[in-house]
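Here's the structure, in structure tokens; my notes come after.
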Amino acid sequence: MSATPNSAKPSANELLKQGSPTLSGTIAQTLADAQTDRFSEDDNQFLKFHGIYQQDDRDLRKTGKKYILMVRLRVPGGVLAPAQYLACDELATRHANNTLRVTSRQGLQFHGVVKSGLGPLVKGINEALLSTLAACGDVNRNVMAPPTPATNGLGALVHRHAREVALALAPRTLAYHAIWVDGTALNLEEAANRDFVDPLYGKTYLPRKFKIGFAIPPLNDVDIFADCCGFIAIADERGQLLGFNLTAGGGMGRSHNNEETFPRVADVIGFLLPNQVVEVAKAVLTIHRDFGDRANRKHARLKYVLADRGPEWFRQELEQRLGFPLADARPFQFTRQGDSFGWHRQADGRMFLGLFIETGRIKDKDGWRMKTALRQVVEKFQPEIRLTPANNALLANIAPEDRAAITSLFAAHGVTIENQGSVLRRASMACVSLPTCGLGLAESERYLPDLITRLEAVLAELGLGQQEITIRMTGCPNGCARPYLAELGFVGKAPGRYQIWLGGNESSTRLNRLWRDNMKDADIVPELRPMFARYAQERNVGERFGDWVARALWPERAAAAI
């Protein structure tokens, strides 16, 4: 069965891309027009390829729309040099809302940007040797890699592969540089621009977004099975990289009341050698390009190609494109996901510091001035910054003798290094949602911290106060915080109403399942209290909440984890 019937009419987005393959639209002209505070709906689609979303402050809609923009960095592996982080900190103060948001794909987002500040912001980002190109849009998004600094040479090598893939899969249009660096409109009369076809993506790019990640077992800190394409490092007993197991067909997005859309964990396809990574990544992407659904964007992710055609077909198609076979997948095991907090020693003797940043928002507030503290630490001690897929940050390559001074500096701004947040809070994630995301149906970032406080009180009453449970919340079903892999997931259905999903596992290798479809905020804790009480009474020694749910409520899922 073809993923896109030949007779199907292409979606509106496909026609837009076909009409402007340079992705330039009229962005440059609108930037120069001081009489308007917004971009057209067509240009809004092109802006996404440039890492920009046009939004409005939904808290202010009763008094009229106030248009603002969100700008997202593409940071392969989430690694920032000290000077780059400091540039982002300054740009957020000057051109955004004085906060930085760590994304679930190891990037940074600037929020509250007005149109007059957009050009200077993106130019400043490029002057810091960073980019927003392909942070959004129907292209390969930010390539993820394990954030924890290496305990051996494997981590650095995997990061190198991630950077090579990110560079090889970047779109080649000249429009980005012309608009944001040169400050000019691309000359569409020139033949090279008029007839531009991206050498990898083609004229109309991909049917939808494409995501790649790298992981090093046993730590699945990138949620590798949520990606369209994944590379699982396989090492020998000495820690030497032998190659990678390839995964394909993962994805979190779905739509409410549409059973043809669903979250999916990726299939393990086969094993490849280190020197084959870029070639394989390109081939997987081109299968999505050629077989993805270009008529129905809700059915356009690579996961639906795998679901419709099967992993066996996919492997055959991939090997035909590669011109060589993959070997059978090697054994591996993931045991957990999540970040390391506090002080830890690197393989080279230096230290790294894990910082919990609740819901990923780097900001200053009463009693907790993380933005100022981070800036001062980076200015004085020059650590490398590593953004994590769980919305946190690690500071790496720190001299052991600087540990006490850094701890003291953070404490002076209300950021304690020991006991950063509760065990429940540290295992939580939330998407941004309201008031800025146009897809948000319910609160997420602004709501989850209070809900966790209420859940903590119940768990403490039941003797579960120190029990970690992965909790993830999104304000809509698109799944940006990967709620469908959580032990306890909340998905926005309407203002003040959420779905409850239960039964993911510690290693993020098993999907959870819908438990309740439309819960009012006030009913969530009463709904979960008896569930937690059963767990406290029935759990086996060391059994996590998600595993108890799978065993007690749907045992056929208990053995489904990879």
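State yes or no: is LEU60 modelled with pLDDT under 95 and either in a helix (DSSP H, G or I) or within 28 Å of the chain's Cα centre (by Cα) (or both)? Outline the logic, then answer.
Working: modelled with pLDDT under 95: yes; either in a helix (DSSP H, G or I) or within 28 Å of the chain's Cα centre (by Cα) (or both): yes.
Spelling it out, LEU60 is indeed modelled with pLDDT under 95 and either in a helix (DSSP H, G or I) or within 28 Å of the chain's Cα centre (by Cα) (or both).
So the check is Cβ under 6 Å with 6+ separation or different chains; which pairs have a first residue in the range 313-338 that's at negative phi and a second one that's among the β-branched types (Val, Ile, Thr)?
Listed by first residue and then by second, the contacts come to ARG315/ILE269; GLU317/ILE287; ALA329/VAL268; ARG330/ILE234; PHE332/ILE232; PHE334/THR509.
Look through the range 491-513, keep the residues that are out of contact with any Gly (no Cβ under 9 Å at 6 or more places or on another chain) and either part of a strand (DSSP E or B) or hydrophobic (A, V, I, L, M, F, W, C) (or both), and return whichever of them is surrounded by the fewest Cβ atoms within 10 Å (Cβ to Cβ).
By that ranking, first place goes to ALA494.
Please enumerate the residues belonging to the range 236-289 that are of a type in the set (Phe, Trp, Tyr) and either over 30 Å from ASN152 (Cβ atoms) or under 21 Å from the mean Cα position of the chain (by Cα) (or both).
Matches in the range 236-289: PHE262 only.
Scan the range 512-534 and report the pairs whose first residue is under 16 Å from PHE545 (Cβ atoms) and whose second residue is in a strand (DSSP E or B) and among the basic types (Lys, Arg), with Cβ atoms within less than 9 Å and a gap of 6+ or a chain change.
From the range 512-534, the pairs are ILE524/ARG516; GLU527/ARG516.
List, please: which pairs have Cβ atoms under 7 Å, are six or more places apart or on different chains, and start with a residue in the range 268-285 that is within 13 Å of LEU326 (Cβ to Cβ) and in contact (Cβ under 8 Å) with a residue 12 or more places away in the chain and end with one that is polar (S, T, N, Q) and in a strand (DSSP E or B)?
Matching pairs, first to second residue: VAL268/ASN245; VAL268/THR247; ILE269/THR247; PHE271/ASN245.
Looking at (1) at pLDDT 95 or above; (2) of a type in the set (Gly, Ala, Ser); (3) part of a loop (DSSP other than H, G, I, E, B); (4) more than 30 Å from ASP223 (Cα to Cα), which is the only condition GLY117 fails?
If we test GLY117 against (1) at pLDDT 95 or above; (2) of a type in the set (Gly, Ala, Ser); (3) part of a loop (DSSP other than H, G, I, E, B); (4) more than 30 Å from ASP223 (Cα to Cα), just (3) comes out false.
Could you go through the range 174-183 and let me know if any residue there is hydrophobic (A, V, I, L, M, F, W, C) and within 19 Å of PRO146 (Cβ to Cβ).
Checking the range 174-183: not a single residue is hydrophobic (A, V, I, L, M, F, W, C) and within 19 Å of PRO146 (Cβ to Cβ).
Which residue is nearest to ARG386 (Cα to Cα), if the candidates are limited to the range 120-147 and must be more than 18 Å from the chain's Cα centre (by Cα) and not in a loop (DSSP other than H, G, I, E, B)? Explain how you work it out, then say what you get.
The initial filter retains those residues of the range 120-147 that are more than 18 Å from the chain's Cα centre (by Cα), namely 120-129.
After this cut, where a residue has to be not in a loop (DSSP other than H, G, I, E, B) as well, the list is 120-127.
Details: PRO120: 25, LEU121: 22, VAL122: 21, LYS123: 23, GLY124: 20, ILE125: 17, ASN126: 19, GLU127: 20 Å.
Across the range 120-147, the extreme among qualifying residues is ILE125.
Any chance you could count how many residues in the range 16-42 are buried (at least 20 other Cβ atoms within 10 Å of the Cβ) and free of Cβ contacts under 8 Å to residues at least 24 places away in the same chain?
Residues meeting the conditions: 1.
Can VAL458 be described as more than 20 Å from the chain's Cα centre (by Cα), of a type in the set (Val, Ile, Thr), under 19 Å from THR388 (Cβ atoms) and surrounded by fewer than 23 Cβ atoms within 10 Å (Cβ to Cβ)?
No; evaluated as a whole, the condition is false for this residue.
Which pairs do you get when a residue that is within 14 Å of LEU285 (Cα to Cα) and crowded, with 24+ Cβ neighbours inside 10 Å, found in the range 193-210, comes within reach of a residue that is of a type in the set (Val, Ile, Thr) and at pLDDT below 95, reach meaning Cβ atoms under 9 angstrom, with the pair 6+ apart or on two chains?
Sorted first by the residue in the range 193-210, then by its partner, the pairs are PRO207/THR4.
The values are calculated or read from the model by the stated rules, or taken from the named source; none is laboratory data. Just so we're clear, the structure is a prediction, and the values are computed from it rather than from any experiment. Cβ: placed from backbone, ideal geometry, glycine included. Neighbour counts: every protein chain shown.
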